[in-house]
Structure formats: structure tokens, C-alpha cells
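The values are calculated or read from the model by the stated rules, or taken from the named source; none is laboratory data. Since the model is a prediction, treat every value here as computed from it, not as a measurement. Here the Cβ is made from the backbone with ideal geometry for all residues, glycine too, and neighbour counts use every protein chain on show. These area figures cover heavy atoms from the full protein model, side chains too; ligands, DNA and RNA do not enter into them. Shrake-Rupley method; radii C 1.70, N 1.55, O 1.52, S 1.80 Å.
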Amino acid sequence: MKKILYPILAALLVTTSCDILDKEPLPSVTPVNFFQNADDAEAGISAAYDALQQEGTYGLDLIAVGEMPTDNASSTNGDVTDLDRFTWRPTTKQVRTVYTASYIGINRANAVLKYVPTITMPEARRNQILGEARFLRALHYFNLVRLYGGVPLRLEPTETGDPAVLNLSRASADQVYAQIVDDLTQAAELAPTGNATARTRATRGSVNGLLARVQLTQRNWAAAGTAAAQVVSSGFYGLESTPKALYPANNRRESVFEVQFAGADDGGNIFPDVALPAPPATFSFPKFNIPTPELLGGGPNGADTTTYAPNNPQQRRTDLRWAYIGNVTGGRDHVSYVDGGPGTGNDDGPFVYKWPGNPNSFNSADNTYVIRYADVLLMQAEAANEQGQTAAALPPLNQVRTRAGLAALTAASPEAASQATLRNEIDRQRRLELAFEGERWFDLLRYTRHEAAQSGVNHPKDALDAIQEKLTRRDVNYLLLPIPQQETNTNPNVTQNPGY
């Protein structure tokens, strides 16, 4: 965010993953006198990772923004009803926090990219740190451009109060995407190749996984397929044996990149306590991201009913992601959700169960997936199908289906009868596989843009469909969040999105 200025000690050192450094006190801390040695470089990149844990990013609000406007989730909690009902405004909390936290992360990455090249340290590690910083900056800008459209491109750390530096105009969305691809291209050369346990630091696998998502969003199908194939061919990743084995996230082989949480007061995950019933959550109140009846009960190939039936162990009995597993604290475990009862109170009904660890009073140690291997396989399948390569799309798609307990598709399957029918199936598998992980709204947005860009394409559900269901009109203004009011108040060069 443009008003968070370096020098600020917290912006460099607030982190749960490195020890406090034993250094002589400085009369004032600035990037110039902070970045002196290899330890400082490590502290700087740790601070950049720390930005992913914040409430405005993967600690809470980015997950809510990615699900609450969709057909996956709803809530009666006043903190997220603007997202649920498409009534968000420039003053809506998540509109502000996602924007602000993303720019804090960008600013920290910018400081690393500016100052670490001047530090005397082993060249290989210095290059890795620079690759990690480019990955993190690209991730933040990707989230921003998908939600707000073109935004100010800040590529240097903010170190002055000069309005000429602070008050940047918005770049176009195309310019932001070009910067994202450039950062990821450079990161792929600099980041480490990875290993079997590298899940919470950027590696070439995570860089290529994010690049596949970026290229898919831009409908660059061949480039998306190439990036996804790089992840697959690396050999560092694979599907867990069962959907149940995926949660909680904890550096599993399916994780391509995840956000690490320590579970301590300064590094815990907020999300489980706002999504789970009490118990196991610490408090009883209306929860976020409540699974919708339509998601839990509707659809072919495994769903037994189109109406949510509480405590029905036969629901989706052939889909292991949704099938009844057994009783747990809080209710009945269906892997993707826990069924707490008939829906008559705060702790009854269905709740998200992909963060099943002890919430620990808003300080859960459960990690959060950002990219996992099943997503990469589905992106690979989609990229192939959109290039007319239906046969090539089936193997990666079938890996996800069969892990979920569904039959593998063949060329003779109805779902594979055409590019259009397979597109529908890929969309469906993305929804069922990645539900509640913060990607549904982004998928619906790109489906809308795909339909607008390519005549004859019709996804089963897009963002305009979701908007119409809530507002009874297909209001294109809600395809973007507004620029936060505090940003337009303080930066006269930033224009507001239409409709706000």
C-alpha cells in the first residue's frame, strides 16, 4: 500500500519464520542501512512471505472473496454479507484489506529486489531470494488485477512521502499481466528447482504452477499447458492417495505452494475459527463460507439428491470428496465439509472442513494451499481441451476423477463427446475439487471473459450468472471490486471502477 513507508522496522522484520537478529542497534532503520549482509537478506524475504499470512491475504479475506460471491458458499455473518449479496462498496472491509495487504506484500518484495543484489553473499542463494521475491510480487499483482482490474504498478519500495512517487495512476490490466508474466519468467530462472519437501518457499514448480494459472486466465492455452507440464514433469509432486489425506495442509506432496502458519499469536491462521462450528472452533457465531445446499446435494455422477439432507451418509456416496467418512468433533465428516446438524443454529448445518485442525482461538497452525497438484492437472486438462486436444485432456483429468472415486473417462464417455461437453466436466471437477479454497470466484470471472472473447463458448456457470442469481440482473460492474475509498481519497490520480 502506498502509505506504508519504508523505513518501517515491522515491514522488514515482522515474521514468524526467522529468529530475531543479534545486531547492534541503529539510530534509524532504513532499507539502505538494514540490508547489509546475508542474514538481512533472509530477514527481508521472510518479511515478504509474512505478508501472505495477513488477514487481508491468505489469512482470511482473500479466501472469503474467492468463495462468498459464488454458488459454493453463503453466510449470515454481517462481516461478509456484502460479498455474499453483491452489495460491496468502496468502504467494504474486504475491498480495503485485500488491496492494502497485497500492496504491503508488494512493497516488501520490492525492497528485497532493490537491495539484495548489492549484498555480498553466496550468489546461488542471492539469486534464489530474488526469484522468490519476484514470485511473491507476481502473486500479489495477479490477485489484484483479477479483482480490481488495472492497478498502480509499484516496482520500487516506497521510501518517500513525495506525492509524485506515491500518487501513481492505474496501469492497464494488460500492463499488469505483462509485469506478472515477466516476473514469473525471471523467477523461473532464479528460483531453486525444488525438492520433495519444498512447499512453503517459491520453487520453479510453484512459479510454473502460478504461471499456468496466469496464462489460463489470459486464455493463452498453449503457454498454460506448457507451464503445467513443467510442474508435472518435475517429479516433485503427486496426488495424495485419498482426498481425506489432503487436510490439513502440511507440506504434503500434493502441495505446489502453500502459506505456512505457526499457530502462535503472531503467526496463526484466522480462517478455521471463522469457518468451523464450535466445537472445534473456539466461539459460536454465524460462520463464513457456509456450503450451499446446491453444492452439497446437486449434480450428476455421484449425487443422490438435489436437496441438502442433513446427516445423510449417502450424499455423493460415489465421490470421496463429499462422501460421509465418520463422526468427528463438530459433526459428521464429509472431507470437504463437516455436517453439524439440521441447520437450526450457529453450530448446526454444513461447514467448511478443509482446515480441520484445532482453531486455537484464531491462531490455527493449519496451512493454506495456494496451488496444489490437482489444480495443475485440471489446468493441464483445460488447456489441452481448449486447443481441441480432447484426448490429451483425459489423462490429467482422470487422475483427479479416479482419486475422488469416480470412473475414468474414455473417448466413448458422454462427458468426452465434444470439446463443449468436456469443458463442462472440467469446470465441474474444478468446482468439486477446489471448493472453499478461494478459487471459485476467479474461475467464474475467467469463464465470463472466455465467453466474451470467443464466440460459441458457453460455460455451465459464469460470474454474470452468479450476479444475476443474487441481483436479478447481469450487472457487469460487479465483475470488478471497487478501488477502496481510502485509496481514491488519498491518491487523486487513481480513478474508480465503473458503477461505484
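Data overview
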item	result
Carbon/sulfur fraction of accessible area - the chain, other protein chains in place, 1.4 Å, %	52
Net charge contributed by nearby residues that have their C-beta within less than 15 Å of Q175 (K/R +1, D/E -1)	+1
Built amide H within the under 5 Å cut-off of V370, gap 5+	F257, E258, V259
C-alpha long axis of helix 390-403 to longest principal axis of the chain, angle in °	90
Estimated dipole of the chain in Debye, rounded to 20 [Cβ of Lys and Arg +1, of Asp and Glu -1, Cα centre]	760
Computed [θ] at 222 nm, deg cm²/dmol, the chain (DSSP H ≥ 4; -39,500 (n - 2.57); rounded to nearest 500)	-13000 deg cm²/dmol
Order by protection proxy (mean Cβ within 10 Å, highest first), peptides 453-465, 121-133, 36-48	36-48, 121-133, 453-465
Karplus (6.51, -1.76, 1.60) ³J(HN,Hα), θ = phi - 60°, over the range 224-237, in Hz, Gly and Pro reported as x	5, x, 5, 5, 5, 5, 4, 5, 4, 6, 5, x, 8, 10
In sequence order, calculated HN-Hα J values of the range 490-500 (Karplus, 6.51, -1.76, 1.60; Hz; x Gly/Pro)	9, 10, x, 8, 9, 8, 7, 5, x, x, 10
Positive-pole candidate from L445, Q486, N497, dipole of the range 435-500, charges at beta carbon	N497
Residue-wise HN-Hα coupling along the range 50-56, computed from phi with Karplus coefficients 6.51, -1.76, 1.60 (Hz; x: Gly, Pro)	4, 4, 6, 7, 5, 4, x
Formal net charge of residues neighbouring Y478 (Cβ-Cβ distance under 13 Å; K, R +1; D, E -1)	-1
Cα-based Rg of the chain normalised by 2.2 N^0.38 Å, two decimals	0.95
Inter-part distance where the range 361-427 and the range 179-247 are each reduced to a Cα centre, Å	16
Among 237-247, 93-103, the order from most to least packed when residues are scored by Cβ within 10 Å on average	93-103, 237-247
Residues T87 and V476, FRET efficiency given R0 of 22 Å [Cβ-Cβ distance, rounded to 0.05]	0.85
Among 325-337, 471-483, the order from most to least packed when residues are scored by Cβ within 10 Å on average	325-337, 471-483
The range 206-295, dipole about Cα centre (Lys/Arg Cβ +1, Asp/Glu Cβ -1), debye to the nearest 20	340
Charge dipole of the chain about the Cα centre (unit charges at C-beta), most positive-ward option of N143, A111, P157	N143
Solvent-accessible surface (1.4 angstrom probe) belonging to T92, in square angstrom, nearest 10	10
Probe 1.4 Å - accessible area at T410, Å² to nearest ten	70
Computed magnitude of the charge dipole of the range 104-191 (debye, nearest 20; Cβ of K, R +1, Cβ of D, E -1)	200
Residues whose placed amide H lies under 5 Å from that of T70, excluding near-sequence neighbours	none
Violating pairs (Cα-Cα greater than 20 angstrom) within the set K287/K461; K244/K354; K93/K287	K287/K461
Residue-normalised accessible area of the chain, expressed per residue, 1.4 Å probe, Å²	36
